[in-house]
1. Across the range 207-256, what is the total count of residues that are within 23 Å of Ala348 (Cβ to Cβ), of a type in the set (Phe, Trp, Tyr) and touching a Pro at 6+ places or on another chain (Cβ under 9 Å)?
2. Sort out which residues of the range 78-127 are in contact with a Ser or Thr (Cβ under 9 Å, 6 or more places away or on another chain), of a type in the set (A, V, I, L, M) and free of Cβ contacts under 8 Å to residues at least 40 places away in the same chain, and write them in order of number.
3. Given (1) on the phi > 0 side of the Ramachandran plot; (2) of a type outside the set (Lys, Arg); (3) out of contact with any Lys or Arg (no Cβ under 9 Å at 6 or more places or on another chain), where does Ala142 come up short, assuming only one miss?
4. Which pairs have Cβ atoms under 8 Å, sit 6 or more apart or on different chains, and link a residue in the range 46-64 that is farther than 18 Å from Ala267 by Cα to one that is modelled with pLDDT of 90 or more?
5. Looking at (1) in contact (Cβ under 8 Å) with a residue 12 or more places away in the chain; (2) assigned to a loop (DSSP other than H, G, I, E, B); (3) within 24 Å of Gly128 (Cα to Cα), which is the one condition that is false for Ala67?
6. Is it the case that some residue within the range 231-252 is in contact with a His (Cβ under 9 Å, 6 or more places away or on another chain), in a loop (DSSP other than H, G, I, E, B) and buried (at least 24 other Cβ atoms within 10 Å of the Cβ)?
7. Within the range 82-98, count every residue that is over 21 Å from Ser345 (Cα atoms) and not in a strand (DSSP E or B).
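The values are calculated or read from the model by the stated rules, or taken from the named source; none is laboratory data. Because the structure is predicted, anything quoted here is derived from the model rather than measured. Using ideal geometry, Cβ is built from the backbone for each residue, glycine included, and neighbour counts are taken over all protein chains shown.
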Amino acid sequence: MVVLAGMGAESTGAQSATSDGSADGTTTIGPYELPPSRFMSPESQATLPQVIGAYKRASPDQVVKDAIADDVSESAGVLAMEKEYPVSIREQYVGGVRTRIVEPAGGVPPENKKLVLLNVHEGGFFVGANALALIDSIPIAATAKIRVITIDYREGPNHRYPEGTDDVVSVYRVVLQTTSSRNIGMFGCSSGGSLTAMVAARLQTEGLPQLGAIGILSAGAFADWSGDPQQKGTWGGDSAYSAAAAGLTGLPVPSVHNFVRSVPAIAAKYLQDVDVTAPEASPAEWPQKLAQFPPSLILTGTRSFDMSAAIETHRRLINAGVDAELHVWDGMWHCFTADATLPESREAYSVIGKFFHKHLGKGRSVPNKR
């Protein structure tokens, strides 16, 4: 399993977390103990100590290096996912952008042939185009029985925002030539969830028809996952602090009064010198942008550092009049869906598939207002 929540380095401007994970996953935070939630499956309770331990054993810089080295299409995580969820995979360039087409073994059933899902992968905007893209796409294609196009969009450190958005929109334009927008869904986990929201906002600017539905998974509609939690445009709120204190980010607990970005430089390059509060970067900060979002699925866990951003995104979508669903798994960590062995992950795959089947093909295909 590849987890990219914890990418950071100790810095003098941040307080170290006082957590220490025990063999059963209980975390000590100062005078308090945080045991595994009794609502978690036995499998997840058994996995939690490994997740905490992975962050404790490796330095933040090593986590980043390992993530890059492990991002290969034949990684152990991908092979395990393919064994659990048989699919076919083929590479294809769409609109000049590299993609992989993932379909359920045996092909897409006739009733779903008009439907397409676009996946924009996780990975902090600097990694994930190979292994993580397939880990995100394989279980959804297999369980929902829908063709998934996973997009290798440009990211840091060699590229800058909004080049990733540009690439996804390029693919979308091509897919629109053969598929009605109301039959096209998009989803992404972590940074891919933020990018999904960015694309939904960009389509409005370009006057393109809006997607039929979107999934923002383990993320919020805010751009900067590693920025100062107290500032607009970032994944802020309680969980930005509590997840770090619980040992589930690998980062020091952010300092409230003297924030210093603590992730390795490579992980922050894509958003470097970007106004993360802009409407197409953090549409959750702009009610008029959110009001034109399609039906939206928000998915998170209570120990994920994205939880507050996810919950706030859902609240603002509802306030903007958008049909939005929020699903939260107690005790679960950032991008837990990358581990196909967990019952909670299988539940999430089912939720995602049912959501897209409920909304795709509904309504009318109309252009966004400029």
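1. Qualifying residue count, the range 207-256: 2.
2. Within the range 78-127, just Ala105 meets the criteria.
3. (1)
4. Thr47/Asp339; Thr47/Thr341; Thr47/Leu342; Leu48/Pro36; Leu48/Met40; Leu48/Gly331; Leu48/Trp333; Val51/Trp333
5. Status for Ala67: all satisfied but (2).
6. Within the range 231-252, the first condition is being in contact with a His (Cβ under 9 Å, 6 or more places away or on another chain), and the residues that meet it are 243, 248-249.
Checking which are in a loop (DSSP other than H, G, I, E, B) leaves us with 248-249.
Narrowing further to those that are buried (at least 24 other Cβ atoms within 10 Å of the Cβ): 248-249.
Yes.
7. 2
A quick yes/no check of all residues on (1) under 15 Å from the mean Cα position of the chain (by Cα); (2) within 26 Å of Thr26 (Cβ to Cβ):
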| site | (1), (2) |
| --- | --- |
| Ala284 | no, no |
| Leu297 | yes, no |
| Ala310 | yes, yes |
| Met332 | yes, yes |
| Lys354 | no, no |
| His357 | no, no |
